Amino acid sequence: MPRLLSVNVGLPRDIAWHGQTVRTAVWKEPVQGRRMVRRLNIDGDGQGDLAGHGGEQRAVFVYQMESYHYWERQLSRHDFVFGQFGENFTVEGLSDEEVCIGDQYRIGGALFEVTQPRVTCYRVGNRDEHPFAQEARRLLQTLPNSRCYILYSRPGQEDRPGRDFDAAGHFNVTVLKELGVPREADFYLCGPAAFLHDLTSGLAAWGASRERIHTEIFGSTPSSTPGLVDTAPSLPPHLPTGYAGTGPPVSFSRSGLVAHWDPRFQSLLELAEACDVPVRWSCRTGVCHSCESGLIAGSVSYQPEPLERPAEGNLLICCSQPEGEIVLDL
Ligand code: FES
């Protein structure tokens, strides 16, 4: 019978690392008693690099006691505490062999669904850069009707077609067509942002339905702030150049600046950027909550409506507009 041993939470912190600042929430502390779990987080928890962690599909991270024991043996350590591996739930008895994507578990009043393993995404250049190759092949063999097709972008001299890989080149819609994949299929894509953008556009141009294209960004993204925090000096906050807004005043209290709203901006994030007010963002569409900031006074409307509203007293600047005079903790 599986058991939940500990619930662990922690919020992102900036730490100095090799002369840079890294935002991370890897340190989790066990909590006692009940905790509210929402669609994106357990209360008191957060993620630092939202390009690689968090979001609806990775809201809660689970790690097994059996894996603790493995690392204790590997590292000859016996000082691990719950949350040591950055996990939210430390569990016992849910082995990788038993748990499947789609399995659901009820804990208290919350229902959890297994969405994905903790696997780092990678691009495969050749056999030397092809981690988990054996494991992936073994797992695929256990799936009825599965099919595997491996592209190496730069096959090495030792790499053998048919044994190590199927073809040389890069993955794109032409490959899918050649493989006979129907355009009515569901497409689950992961990879760097540029790769996802190209492939998604290619699939849409081919006639695949947007609703059937599911993407997840791994690796570096063009978004500005996850992970490493840019500490380079920037311009001091200023009024946007080349225009004078006539809408309600927006006060950036930390920056000591008041700028009038103008509907030419899509969101308060855009106004803040035009003012060089320091901001943090990732998805810019109301999903990741990277841009969540304090709303000191006033109210905002949302367009588009975020996946989940921010905490009481906060706002998501990437998708909100002022309803009147407002004061922001920025
Ligand atoms: S940047 Fe993701 S919710 Fe605002």
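Evaluation of Ile101 against the conditions (1) farther than 14 Å from Lys28 by Cβ; (2) at pLDDT 90 or above shows that the sole unmet condition is (2). Of all the criteria given as (1) part of a loop (DSSP other than H, G, I, E, B); (2) modelled with pLDDT under 85; (3) touching a Leu at 6+ places or on another chain (Cβ under 8 Å), the one not satisfied by Val22 is (1).
For the residues Gly298, Gly313, the requirement of being among the small types (Gly, Ala, Ser) and farther than 30 Å from Ile15 by Cα singles out Gly298. Name the residue that is farthest from the chain's Cα centre (by Cα), counting only residues in the stretch 274-298 that are more than 12 Å from the ligand (Cβ to nearest atom) and under 22 Å from Ala244 (Cα atoms). Among those residues, the one meeting the criterion is Gly298.
Checked against (1) modelled with pLDDT under 95; (2) within 23 Å of Glu29 (Cβ to Cβ), Phe82 meets all criteria but (1). Kindly check whether there is at least one residue in the stretch 62-76 that is part of a loop (DSSP other than H, G, I, E, B), modelled with pLDDT under 95 and surrounded by 12 or more Cβ atoms within 10 Å (Cβ to Cβ). No, the stretch 62-76 contains no residue that is part of a loop (DSSP other than H, G, I, E, B), modelled with pLDDT under 95 and surrounded by 12 or more Cβ atoms within 10 Å (Cβ to Cβ). Quick one: in the stretch 33-61, of everything that is outside any loop (DSSP other than H, G, I, E, B) and modelled with pLDDT of 85 or more, which residue is farthest from the chain's Cα centre (by Cα)? Top of the filtered list is Val37. Of all residue pairs spaced 6 or more apart or on separate chains, those with beta-carbon atoms under 6 Å, a first member in the stretch 132-158 that is under 20 Å from Leu179 (Cα atoms) and a second member that is hydroxyl-bearing (Ser, Thr, Tyr) and exposed (fewer than 12 other Cβ atoms within 10 Å of the Cβ) are Leu140/Ser146.
When the test is whether a residue is within 10 Å of the ligand (Cβ to nearest atom), among the small types (Gly, Ala, Ser) and either more than 22 Å from Gln57 (Cβ to Cβ) or modelled with pLDDT under 85 (or both), Ser320 passes it.
The strands (runs of 3 or more DSSP E) found wholly in the stretch 222-304 and carrying at least 1 residues that are closer than 29 Å to Ala25 by Cα and either modelled with pLDDT under 80 or of a type in the set (Gly, Ala, Ser) (or both) occupy 292-297. Quick one: how many residues across the stretch 53-92 are hydrophobic (A, V, I, L, M, F, W, C) and without any contact (Cβ under 8 Å) to a residue 24 or more places away in the chain? The qualifying residues number 5.
Determine, yes or no, whether Asp43 is touching a residue at least 12 places away in the same chain (Cβ under 8 Å), of a type in the set (D, E, K, R) and surrounded by fewer than 16 Cβ atoms within 10 Å (Cβ to Cβ). Yes. Taking the criterion of being farther than 18 Å from Asn41 by Cα and either part of a helix (DSSP H, G or I) or in contact with a strand residue (DSSP E or B) (Cβ under 6 Å, 6 or more places away or on another chain) (or both), the residues of the stretch 305-327 that qualify are Ile317, Cys318, Cys319, Ser320, Gln321, Pro322, Glu323, Glu325, Ile326, Val327.
Residue pairs whose Cβ atoms lie under 6 Å apart, sitting 6 or more positions apart in sequence or on different chains, and linking a residue in the stretch 301-312 that is within 17 Å of Glu323 (Cα to Cα) to a partner that is more than 10 Å from the ligand (Cβ to nearest atom), are Ser301/Gln321; Ser301/Glu323.
Going by the conditions given, is Tyr105 over 15 Å from the mean Cα position of the chain (by Cα) and more than 24 Å from Ala136 (Cα to Cα)? Yes: the conditions hold for Tyr105.
The values are calculated or read from the model by the stated rules, or taken from the named source; none is laboratory data. Please read these numbers as outputs of a predicted model, since none were measured by experiment. A quick note on method: Cβ atoms are made from the backbone with ideal geometry, for glycine too, and the neighbour counts reach across all protein chains shown.
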